[in-house]
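Scroll down for the structure; my scribbles are underneath it.
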Amino acid sequence: MEEKKKLISVMIPCYNEEENARPIYEAVRDELRRSCPAYDYEILFIDNKSQDRTREIIEQICREDRHVKAIFNTKNFGQFSSPYYGMIHTSGDCTITMCADFQDPVELIPKFVAAWEQGYKIVIGRKTKSKENRVMYFLRGCYYKIIRKMSTVEMIEQFTGFGLYDKSFIQVLRDLHDPTPFIRGIVAELGPERKEIEYEQPKRRAGKTHNNFYTLFDAAMLSFTSYTKVGMRIAEFFGFAVAFVSFLIGLFYLVAKLCFWNSFTAGYAPTMIAVFFMGGIQLAFLGFLGEYIMAMNARIMNRPLVVEEKRINFDEETEKEYVNA
């Protein structure tokens, strides 16, 4: 009796990737067939309500190749929920996650699999260089270093989620039921011993990046509110410091008025400066507090990660297995 091959799942999230959808499929398929012939494979696309021809292209690929599956979301559920949902709906002995824009090198797949076969349950790609905008790469590096120093969990620098995850860890993700998942933090916090493979990040093959200041800020705030207390601690300590300094200044003015009543005058400038300064500080920390409250609110509501519009090439057994995932 022929031994059943191990199954490798490759999960690729998409949003407006009409220029990359077919090339990334062909590149992954060819790499798996060439470098991992002893394994069976599946490729899962999860589309976050693309507005171009991405879905049409993915549907055509699914008709051509039964190894390819697809999940189409009813709307754009964000950069964290959709990929996470795709990961927990793979069925392989291991799952490899990678972006459709070719910034995650397909050539690392056999290296990931080799390390997995050595016993590592998680194998991740970590950027050491990047051909993207130098300023953005520098700012990302600063962000990772700040989070790593402030977090109660040892966060992974220059890690985007690109990597291989054993099915045992995928089951951990299924059991987590986190409505605001941050996979980079979850890997650092809950993942077993991992192997890191360094690589240089290439430029996007085609199309425009969907990351902007808002999406990057959203990622930063999610990591801050999920894995640090630093925001509220800074507000607390700063509040005590300002209160103490204000008390000393008030005491100085009182003594000055009592001792130099006729000659001492400072006008309204110090008062106005103090009011505007404290107002700005209070608004900043109220915003920080709001981020924590919004993160708590999302978890309390416990809404689904995504709502599916359609799925393709999932067999009935798999449908039943993940219907409540």
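The values are calculated or read from the model by the stated rules, or taken from the named source; none is laboratory data. For clarity, every value in this text was computed on a predicted model and none was experimentally measured. Note that each Cβ is placed from the backbone with ideal geometry, even for glycine, and that neighbours are counted across all protein chains shown.
Key figures for this structure:
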{"item": "Pro83 being farther than 15 Å from Pro110 by Cα, of a type outside the set (D, E, K, R) and surrounded by fewer than 18 Cβ atoms within 10 Å (Cβ to Cβ)", "result": "no"}
{"item": "Helices (runs of 4 or more DSSP H) completely within region 1-108 that count 1 or more residues being among the polar types (S, T, N, Q), in the same structural domain as Lys127 (by TED's automatic domain parsing) and within 19 Å of Lys167 (Cα to Cα)", "result": "78-88"}
{"item": "Any hit, region 140-158, residues being assigned to a loop (DSSP other than H, G, I, E, B) and modelled with pLDDT of 90 or more", "result": "no"}
{"item": "Condition check for Asn48: under 21 Å from Ile88 (Cβ atoms), buried (at least 21 other Cβ atoms within 10 Å of the Cβ), touching a Gly at 6+ places or on another chain (Cβ under 9 Å) and modelled with pLDDT under 95", "result": "yes"}
{"item": "Region 159-174 - residue that is assigned to a loop (DSSP other than H, G, I, E, B) and among the aromatic types (Phe, Trp, Tyr) and, of those, nearest to Lys121 (Cα to Cα)", "result": "Phe162"}
{"item": "Extreme residue, farthest from Val10 (Cα to Cα), among residues of region 109-131 that are of a type in the set (Gly, Ala, Ser) and outside any loop (DSSP other than H, G, I, E, B)", "result": "Ser130"}
{"item": "Number of the exception - Gly78 against (1) farther than 16 Å from Arg29 by Cβ; (2) buried (at least 20 other Cβ atoms within 10 Å of the Cβ); (3) at pLDDT below 95", "result": "(2)"}
{"item": "Checking Ile24 against (1) within 22 Å of Val307 (Cβ to Cβ); (2) crowded, with 21+ Cβ neighbours inside 10 Å, the condition it does not meet", "result": "(1)"}
{"item": "Conditions (1) over 17 Å from the mean Cα position of the chain (by Cα); (2) crowded, with 19+ Cβ neighbours inside 10 Å: number failed by Ile96", "result": "(1)"}
